[in-house]
Amino acid sequence: MTEDPPLEEFLAAAEVFLASRYPRRESEDRRPFQWGEGSDEVRVFQEPDPDEEAEAMPRIRAWRAALWDAGFAWISGPPEYGGRGLPRSYEAAFTSLSRKFDAPGDAALTVSLGMIAPTILRHADERQKHEYLPALFRADLIACQLFSEPDAGSDLASIRAKAVRDGDRWRITGQKVWTSGAHLADVGEIICQTAPGPRHHNLTAFMVDMHAPGVTIRPLRQMTGGASFNEVFLDGVEVGDSARLGAEGEGWRVALTTLSYERNAMGHSAFGGAGILSTDRLMQLIRHAGLAGDPLVKRRFGELVTELRVARYAQEVTAERMRAGQSPGPEIALNKLALSANMARLGEFVVSVLGSRAIADTGQWGTYAWTSVVLGAPGYRLGGGSDEILKNMIAERVLGLPRAT
Amino acid sequence: MSAVRARPDLAISGEHEELRDMVRKLMTDTSSPARVREVMETKDGFDRATWSTMAEVGLLALLVPERYKGLGQGPVEAGIVFEEMGRALYPGPYFASVALATNALLCSGDETACSDLLPGIAAGSTIATLAMVEAVKDWDSPNTVRAVARRNGAAWILEGAKSFVPHGHAADLLLVTARTHAGLSLFAVDPADPGVETRALTSLDLTRRLAAVVFAGARARLVGADGGADPVVASTVERALIALAAEQAGGAARCLEMSVDYAKQREQFGRPIGSFQAIAHRCVEMLQRVEFARAASRYAASCQATGDDELPVAARVAAAYCGRAYRWVATENIQVHGGLGFTWEHDAQLHYRRSWASETLLGNAEEHYMAIADRLGLGRTKETA
């Protein structure tokens, strides 16, 4: 067993790598928000312009390939699948460092790297791990998650998409919905019904080629007006048995793994790079609305900040415990519940400050843009497991309460 | 220089686990719910034998630096102890002596006073508390202190009245704020002095009694600089709020346990009430507040330990959140227990009383919200922010 390099040495090498390829950001990674400068977009969901997105993808793939070659693509991954085998703290340190450079980042790869890759690591066979893991971390392949269906939302186990066996091939037919990034993906983790029953034991997971004949992808326009998600139609799509993830009938367990990583990823974005929860930006909004001296606004601001900060502190405690090797349990879903509640609180607060500027665009910079929070908040309570489903899950698995009958 | 700031004290170390286990066992052995009910009816309201045991195992010396015969532990360790005290509704003067008095002496920076007074506190022979508040709403505002001290040779003479003094009825040492010609100052007063009259108040919280103290020509010793107590009071309150937040998180955790245990065992309509989503989801919301309260108090303690810039905000965030969380969880705990929860015999009411009293003791959430906005500089213009 070889010794890990000291963190300082590792970071020094990382800095050399980043600096050789990407310009350093003008100031520190968290450049203070400047009122009236640049775009006033308040980004709640990833709703990029399709053309800009298509242009960005080659740059993202090049970034991942370069990371791979330099040994920074999968810092905490097992070496047998191309990982570096270093502690998670190294990965976190690299991520922080890379924000100081104008590099593409991995925001578009959250599903691929944060949800599908860890699922493969846990459930795939050796051959599949070698096939998919290096490809995902190099971004040769981008993956999406094909779970929800029009008739299988909260009751995900009632999935109807069918995979029918034909020798060593499977033929998949069905409809999936709420698929983030399907239009960019090369492969999808799909859960299909492979037997009539029993419930939870009749599902099987596959990795399906998103470019295969019979796959149709349509953007799904959500109530914000943008389209972050897709509908995916599968009409007799053929996959080999070698694309099966886990045993036949084990699809529910595979899906649960992916879902737990999804909640973790969503909870983490509570203080992510989007900056929508930036205290500084909120204070500038209050000042520009001329309300900095209003005691009622001040009190409500203090209350909002309390909720936002506590969610962040809880995240930091979770992260520190993970770094110390204490793995979080299903209670990690509490962070996601906090995020959806905080989005709603943020919307309420901001509209109370904006007043009528929230119901019609006056053209004033940094005002109407906040309506994306109001319009996006209901989605946060649903995505990654609705608040109610998460509470059922936590009640059973964390508190040990009897299952509702 | 590392790109990521590690905060190892946010994770639970083996030593922290040992400390938690030790205090929990001590509380189980000496302060069971039945025992708490027994002693809360007595004149002192707590058990002197338990206090001696706590001194023996070093809990009273926890925050006292080694040079004053203490253990020199920090706010993170203290937070672990306060969480356990909060769970057990420990009715003795631990918060008064450790969170208030010890911190006040340490914040005063008065080496002589510390070396004279802290060893007794650490040994448990001196029960100390802080008499700071006078009238309602004045707790946070040193400018409204009306008690005055005048010099009399080497000593000082104190005149005035304080109220809402935690465990004031049992204290051997009072640390008192009073005004002098130089400004707000801190004094040490012996409550046995003929110029001091202490009266226990009928208190909402049956497990932490408050007292009123009248000073009529009481002899006092100046602690710290004459007129120098404003920052001492501010940092003492900040530290005490962090300790109180941990205590509140612990109390909330105990209420959640009571609710979950009951929801599993109580049957109505032929099934455990915990199988109803109305109850199960309420319990999850309680869990959320408990976990976040623990994280907030731990985070604030860690900020205090490392002198982090976030401390002034984190302390108030923890205070506001944990105060409200405990009160909400204690309230819902009664609801989950139904009629049983509303009886005198059930412990739910003791937590309910404690939660209301604790949330008000050092200022309530409304005041903390305003303080958070101030500390973030909301009132300031962009140029000066």
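The values are calculated or read from the model by the stated rules, or taken from the named source; none is laboratory data. Every value quoted in this text rests on a predicted model; they were computed, and no experiment measured them. Because the Cβ atoms are built from the backbone with ideal geometry, glycine has one as well, and the counts that use them run over all protein chains shown.
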* Within the range B:151-165, can one find any residue that is of a type outside the set (A, V, I, L, M), more than 24 Å from the chain's Cα centre (by Cα) and surrounded by 19 or more Cβ atoms within 10 Å (Cβ to Cβ)? -> yes
Counting only residues that are surrounded by 13 or more Cβ atoms within 10 Å (Cβ to Cβ) and either out of contact with any His (no Cβ under 7 Å at 6 or more places or on another chain) or not hydrophobic (A, V, I, L, M, F, W, C) (or both), the range A:157-168 contains a total of 8
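A quick yes/no check of all residues on (1) closer than 21 Å to residue A:53 by Cα; (2) away from chain B (no Cβ under 14 Å); (3) in contact with a Cys (Cβ under 9 Å, 6 or more places away or on another chain); (4) among the hydrophobic types (A, V, I, L, M, F, W, C):
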site	(1), (2), (3), (4)
A:202	no, yes, no, no
A:206	no, yes, yes, yes
A:210	yes, yes, yes, yes
A:237	no, yes, no, yes
A:245	no, yes, no, yes
A:253	no, yes, no, no
A:278	no, no, no, no
Given the conditions (1) polar (S, T, N, Q); (2) more than 19 Å from the chain's Cα centre (by Cα); (3) closer than 21 Å to residue A:302 by Cβ, every one holds for residue B:297 apart from (2)
If you go through A:325, A:379, the only one that is small (Gly, Ala, Ser) and either away from every other protein chain (no Cβ under 14 Å) or in contact with a Pro (Cβ under 6 Å, 6 or more places away or on another chain) (or both) is A:379
Exercise. Mind checking whether some residue in the range B:78-85 is buried (at least 17 other Cβ atoms within 10 Å of the Cβ), at pLDDT 95 or above and in contact with a strand residue (DSSP E or B) (Cβ under 9 Å, 6 or more places away or on another chain)?
Worked result: no
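So that you can scan it fast, the table gives a plain yes or no per residue for (1) crowded, with 18+ Cβ neighbours inside 10 Å; (2) in the same structural domain as residue A:206 (by TED's automatic domain parsing); (3) within 17 Å of the chain's Cα centre (by Cα); (4) farther than 14 Å from residue A:234 by Cβ:
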position: A:85; (1), (2), (3), (4): no, no, no, yes
position: A:90; (1), (2), (3), (4): yes, no, no, yes
position: A:107; (1), (2), (3), (4): no, no, yes, yes
position: A:127; (1), (2), (3), (4): no, no, no, yes
position: A:133; (1), (2), (3), (4): yes, no, no, yes
position: A:147; (1), (2), (3), (4): yes, yes, yes, no
position: A:155; (1), (2), (3), (4): no, yes, no, yes
position: A:170; (1), (2), (3), (4): yes, yes, no, no
Matching residues in the range B:185-227 (within 30 Å of residue B:346 (Cβ to Cβ) and among the aliphatic types (A, V, I, L, M)) number 6
Of (1) within 22 Å of the chain's Cα centre (by Cα); (2) among the hydroxyl-bearing types (Ser, Thr, Tyr); (3) outside the structural domain of residue B:357 (by TED's automatic domain parsing), residue B:235 fails just (3)
Expected single match for over 16 Å from the mean Cα position of the chain (by Cα), in contact (Cβ under 8 Å) with a residue 12 or more places away in the chain and outside the structural domain of residue B:322 (by TED's automatic domain parsing) among B:62, B:89, B:26 is B:26
Within the range B:250-271, restricting to residues that are in contact with a strand residue (DSSP E or B) (Cβ under 8 Å, 6 or more places away or on another chain) and more than 7 Å from chain A (Cβ to nearest Cβ), the one that is surrounded by the most Cβ atoms within 10 Å (Cβ to Cβ) is B:266
Picked from the range A:6-21 (must be part of a helix (DSSP H, G or I) and free of Cβ contacts under 8 Å to residues at least 40 places away in the same chain), the residue farthest from the other protein chains (Cβ to nearest Cβ) is A:20
So the strands (runs of 3 or more DSSP E) completely within the range B:158-202 holding 3 or more residues that are among the β-branched types (Val, Ile, Thr) are B:173-180
The lone condition residue A:396 fails out of (1) more than 30 Å from residue B:274 (Cα to Cα); (2) within 14 Å of chain B (Cβ to nearest Cβ); (3) of a type in the set (Asp, Glu) is (1)
Within the range A:178-195, the residues that are surrounded by fewer than 19 Cβ atoms within 10 Å (Cβ to Cβ) and in contact with a strand residue (DSSP E or B) (Cβ under 6 Å, 6 or more places away or on another chain) are A:183
The number of residues in the range A:219-246 that are of a type outside the set (S, T, N, Q) and either outside any strand (DSSP E or B) or surrounded by fewer than 14 Cβ atoms within 10 Å (Cβ to Cβ) (or both) is 11
Residues of the range A:72-106 being basic (Lys, Arg) and more than 9 Å from chain B (Cβ to nearest Cβ), in sequence order, are A:84, A:88
Residue set A:297, A:317, A:373; condition touching a Phe, Trp or Tyr at 6+ places or on another chain (Cβ under 7 Å), not basic (Lys, Arg) and not assigned by TED's automatic domain parsing to the domain that holds residue A:149; output residue A:317
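Per-residue answers, yes or no, for (1) among the acidic types (Asp, Glu); (2) in a loop (DSSP other than H, G, I, E, B); (3) within 22 Å of residue A:14 (Cα to Cα):
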| site | (1), (2), (3) |
| --- | --- |
| A:80 | yes, no, yes |
| A:95 | no, no, yes |
| A:113 | no, no, yes |
| A:116 | no, no, no |
| A:119 | no, no, no |
| A:122 | no, no, no |
| A:131 | yes, no, no |
| A:154 | no, yes, no |
Checked pairs for the range A:116-142, first on the phi > 0 side of the Ramachandran plot, second part of a helix (DSSP H, G or I) and of a type in the set (D, E, K, R), C-beta under 8 Å and 6 or more apart or across chains, list as A:139/A:61; A:139/A:64
